[in-house]
1. Suppose we keep only residues that are at pLDDT below 90 and hydrophobic (A, V, I, L, M, F, W, C) within the stretch 60-74. Which one would you say is nearest to Gln44 (Cα to Cα)?
2. Check whether at least one residue in the stretch 123-130 is surrounded by 20 or more Cβ atoms within 10 Å (Cβ to Cβ), without any contact (Cβ under 8 Å) to a residue 60 or more places away in the chain and not in a strand (DSSP E or B), and report yes or no.
3. From Pro140, Pro154, which residue is more than 22 Å from Val180 (Cβ to Cβ), modelled with pLDDT of 85 or more and surrounded by fewer than 15 Cβ atoms within 10 Å (Cβ to Cβ)?
4. Quick one: how many residues across the stretch 159-215 are free of Cβ contacts under 8 Å to residues at least 40 places away in the same chain, crowded, with 17+ Cβ neighbours inside 10 Å and part of a loop (DSSP other than H, G, I, E, B)?
Amino acid sequence: MGLVNSNTPGYLTVDTSGYMFGGMNTSTLAERLKIAMEAGDISQTSLAEKAGIAQPTIWKIVTGKTQSSAKIVEISTVLGVRPEWLAKGIGPMRDGDSDNGNAITTYDKEAIPGLFIVNLWDDNGETKDVVAVPDTIKSPNCRAYKLRYDSGYPEAPDGAIIVVDTLETPGHNDFVYAKVKDQASVYKFTTGGENGFLISSEPRVPLIPVGDDAKIIGVVVYLSRSFKR
């Protein structure tokens with residue numbers, strides 16, 4: 001399975017108070033997009049350019065000509081807002097914000113166009129937090145993790161968010177999330193031996209055989225690097 005790269009969604013790295021927009025109408029996608037653009041002081045043209053989409057697409061959303069978009073993740077990344085909020089008004093605009101009483105508290109995870117909601121895991125198992133990613137990687141076997149250590153690979157620095165498929169079979173040179181002697185990190189995989197080998201980012205480190213001391217948690221199917229505005 002191919003790896004999807006992107007910048008980390010801004011809501012994972014930006015903490016801006018939501019009081020400035022308290023009481024404003026956020027019932028439609030158009031209204032939420034206008035609020036986010038005003039908060040980020042960004043024009044339709046600039047947003048379209050940074051999100052890599054056509055400016056008329058932004059215009060259609062802003063004017064209410066369309067009520068959904070397959071580019072919600074890209075747009076929300078540029079604006080530094082939570083894609084769930086932008087798409088459906090779910091929760092606060094950004095992590096750490098108050099929802100100002102406007103949040104949708106229950107929702108169907110399958111009903112957000114263009115997004116797939118993945119539960120975030122840590123060393124103790126599944127948490128109550130979620131991550132929104134493009135639905136092109138949709139799989140019931142997916143888990144999201146936030147890297148606690150720099151893997152050494154530029155694609156997977158400390159703090160990056162990754163999504164892994166726990167049942168995907170790794171191929172040569174695939175990124176995998178693996179635990180080696182109780183420390184989890186991102187490695188590259190190569191075939192050979194009994195179960196294959198992990199390749200460290202440090203070329204002086206020998207190949208690590210997959211086995212009792214090195215277990216693969218899953219194949220990385222989505223990776224979000226640190227987002228800098």
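1. So the residue we want is Ile72.
2. The answer is no, given that none of the residues of the stretch 123-130 is surrounded by 20 or more Cβ atoms within 10 Å (Cβ to Cβ), without any contact (Cβ under 8 Å) to a residue 60 or more places away in the chain and not in a strand (DSSP E or B).
3. Pro140
4. 2
The values are calculated or read from the model by the stated rules, or taken from the named source; none is laboratory data. As the structure is a computational prediction, the values presented were derived from the model and not from experiment. Note: ideal-geometry Cβ built from the backbone for every residue, glycine included; neighbour counts use all protein chains shown.
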